[in-house]
Every structure is written in C-alpha cells, then in structure tokens.
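Here the structure comes first, spelled out in structure tokens, and everything after it is commentary.
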Amino acid sequence: MKSVKEIVIPQLAESLVSATIDKWLKQPGDRIEMYEPICELITDKVSAELPSTIAGTLVEILVGNGETVPVGTPVCRVETEAASAEAAQPTDAAKGTNTNVNTESGDDGDKSMRNRFSPAVQQLAAEHGVRLADLTGTGLGGRITRKDILAYVASGAGQASAPAAAKPVISPPSTTVSEVRSSGLHLTESPRTPTVPSQSASISGRGEDFIDVSPIRSAIARNTMLSVNEIPHGWMMIEVDVTNLVQLRNKVKDEFMKREGINLTYLAFVLKAVVNALKDFPIMNSMWAVDKIIVKRDINISLAVGTEESVATPVIKNADHKTIAGLAREIDDLARRGREGKLTLSDMQGGTFTVNNTGSFGSIITNPIINYPQAAILTFESIVKRPVVINDMIAIRSMANMCLSLDHRVLDGVICGRFLQRVKDNLESFNQDTKLY
C-alpha cells in the first residue's frame, strides 16, 4: 500500500529559525533513496544539502527555488511503500533480537543499518569519489564505517569510479602566490571576484546592477553591525621578527608536503603561538555577558576563511591539544571545504577567539571587526623584508605586523599588550629545532 509523506526543514542548529531553498536536486517523478540529498539549503551561517528522511518517489515540490521558509515547514511530498515497509520492519527487528551480530565482521544476518551513513562517512566518501552503494559495511547492522572506506580506497577499487563520482569543482585560472604571501588560507590560488548578475536597470540614464542579498550576506551584515554598535572596539599593533620562522618553514615544508600531502603555512605556527599565549592569558578567551564576563575553558580558534561571496569563520575545536602539524591539517581541511562550500553548521559553532591571516592578500595593517560575541580578534599581516637595527647595526630581517581588536568592556591595554608580547615571543622563539609533531 502506497502513502504520501512530507519532508520538512529540520532544526539544523539551535539558533536556526529559517532556511532558503537554493536549488532542487530532484524533480517530481524522480526516485529518492534514504538519506539522498534532494535540495540545497542556504542558512544564515552555511549552505547545506537536505537529505531525504524516507525512500520513495518525489511527487510534489511545495517550496520553490529562492523561497525562505521557517524550520519545520514541509518542502515536498514523497510517495512511499510505507505500509509494507513498516509491516516488515517489526519482523526483521524481532529476528534481530535473537541473532548474535558481529559488529566488526558485518554479519549477513542483519543489514538494518546498511543505508544509514554518518556525516563523517559521507564526507570521506565524497573526498575519495567512492559510491557507498559499492561497499560492504562491517559496522553494526551492516553500517559502513570510515575504516571500510579507507580500506576500499587502499585496495584501489575506488580509483576508477572516483572521477565520475566526485562533484566537479570549477576553479578560476590560478596564479602562483609569492613565497611571502603563500601563508594565507587561499593556499595556491588567488581569491575569485564575485560575479555580477547580467540584469541591470537604468536610473536617470545610468545603468546599475542589482545583487540580491543572500541569507549568508544578510547574516554578515547583521553580525558586523551588532559587533560595531554594541562592542567598544580598541586596537593595538605589534611587529614581529619572523626571520627564524621563515627559515624553519623553508627547511621543513618540502618534507611536510611529502609526508602530509598539504602545504605547511605560516598560519599553523601563528595559531600555535596564539594558543600558547591564550593559555597564559585566559581572559583573552572570553566574552561579555552584561553582569559577568564568561571565560571559556576550551580554546576553540575561529578562522576567517574568505570565498568569492562571503567570509566564514569555521572553528578548530580544542586547538590547544593540537601540534603544529595537527593545526596545519585542520587549516587545510577547513579552508578547502570553505572554498568548496562544504562547511557544516557544526564547523561554525563554538569559537572563542578569532585569527585572520590578512597577510595572504599583502596587507600590512588591518583594523578587524570583532567576531561577536567574542572579546578579541587577531590578524597576522604580510611578511616583508625590512632593514632593522640590531645591536646598533642594520640587518635585513623578515618582519610582520600583528593587529588586535579588543572589546574594551572586557579587556584593557595592559593585558592585551602583554598578550601580544607573549604571542610575539612565541613566534620569535621558533627555530631550526622546533618540532612539528
């Protein structure tokens, strides 16, 4: 017996109240599998795919492209063999209660979890271009695990299907970034320029283009205005001699690339220096709460990742528990997924202190806006060679500025000055013997 069920906008995050349908991936008449993406959503934080909660045939789309609706609103109707499936399920479950299931070997007697994929498994499969339907799960109830995907990739079985399965990513003509400017989040490509819509209107004989404000751009406008209007910003800057750091990176970057397959950026060292300074000055890792100041015990670093349309601030959780190499891997992963639009809501939440590498654009001085409701944001500027007086002698050194914006309700010049000095000391202490792991 067939029935028609509705799929609704889920509560993707506690603060999410609405979402916009960006594009439908399925059309009426198409077959939909369980957990298969049916449309792309835009929220005020990130873009995400909406997976189907049922299997069946899409019969009607209720919310069109570009429409914004509250959480819980039905977006489509799906015709499914719900009655027969539900009738069979108790029997299977009953059988499962009398069967010893080997969670490691994937016993053929229970495949009830075969089509349930965790976000981590879906992400890993997408990265390697693996079709999950081709795999045999060894997890509970036949569920596919990360270990299954890695074993499948290692066997070489997924290489043939990888190009077809992977989503195409349209990249702009890339240019090689100079050595000094390769430390940014845009690792090997220059940032793309936003495209302007073709439609235009003539006002008083002058042609003007109009760009619709996306939910993400609207959220950026709202949060930056809130930050500027509510937080009394203070600003400080300090210069750092990173000559030894440049020499260290030049020494280990090739070996690191061979070992890890990613670029070792200056930002990884900067984050390590900042995290160690936050341990010494925990008040910097705090936020204002009207009648109290909340000092966060976890050090979760927000990174400003720029795309052609917006700026996102994904978070490295528990950054104080990671090595320089671990931070480099996190930076590469978040930056890549940020440029490809694959960041999730969980990636954006929980930040306690923000670091932005504006030096990747050649900037030498920046006055950043605090990432509300945090208490401070630090920018690392471009590394440039300058003549510097050392022991009454002039030497050519690699120098960089660090700029700090602070919430003056929480922080004052003395504590921030000492914090910046500690970050400076940490950066200048890197040498040829510094361990990455």
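Observations
- Added length on full extension, which subtracts the Cα-Cα distance from 0.36 nm per residue, residue 294 to residue 60: 79.4 nm
- Amide H contacts of residue 54: 35, each under 5 Å away and 5 or more positions distant or on a separate chain (H built 1.01 Å from N in the peptide plane; Pro and chain starts excluded).
- Computed extension gain for residue 433 through residue 208, at 0.36 nm per residue and net of the alpha carbon distance, reaches 75.2 nm.
- 5 angstrom amide H check on residue 75, placed H, neighbours 5+ away: 7, 8, 9
- Between residue 217 and residue 345, the simple spin-label model (points 7 angstrom out along Cα→Cβ) gives 2.4 nm.
- Counted residue by residue at 0.36 nm each, then reduced by the alpha carbon distance between them, the extension gain from residue 320 to residue 369 reaches 15.2 nm.
- At R0 = 30 Å, FRET efficiency that the Cβ-Cβ distance of residue 151 and residue 255 yields, to 0.05: 0.60
- All distinct Cα pairs of the range 216-428 go into the 1/r average, and the inverse of that average, the Kirkwood radius, is 17.8 Å.
- Pairwise centroid distance, computed over Cα atoms, of the range 23-75 with the range 226-279, Å: 40
- Restricting the calculation to alpha carbons of the range 317-389 gives Rg and Dmax of 14.6, 48 angstrom.
- Calculated FRET efficiency for the pair residue 361/residue 4, C-beta based, R₀ 51 Å, to 0.05: 0.45
- A Förster radius of 30 Å, combined with the Cβ-Cβ distance separating residue 126 from residue 230, puts the computed FRET efficiency at roughly 0.15.
- Using θ = phi - 60° in the Karplus curve 6.51 cos²θ - 1.76 cosθ + 1.60, the 3J(HN,Hα) couplings for the range 19-31 round to 8, 10, 6, 7, 7, 7, 8, 10, 10, x, x, 6, 7 Hz; x is entered for Gly and Pro.
- Under 5 Å between amide hydrogens, built in the peptide plane, is the criterion, and for residue 364 it picks out 382 among residues at least 5 positions away or on other chains.
- Size-normalised alpha-carbon gyration radius of the range 225-344, reference 2.2 N^0.38 Å: 1.22
- Cross-link table 5/296; 147/253; 23/296; 251/296; 23/292; 2/342, entries beyond 32 Å C-alpha to C-alpha: 5/296; 23/296; 251/296; 23/292; 2/342
Values in this text are rule-based calculations from the coordinates and carry no lab data. Values in this document were obtained by computation on a predicted structure and should not be read as measured data. For neighbour counting, all protein chains shown are included, and Cβ atoms are generated from backbone atoms with ideal geometry for every residue, glycine included.
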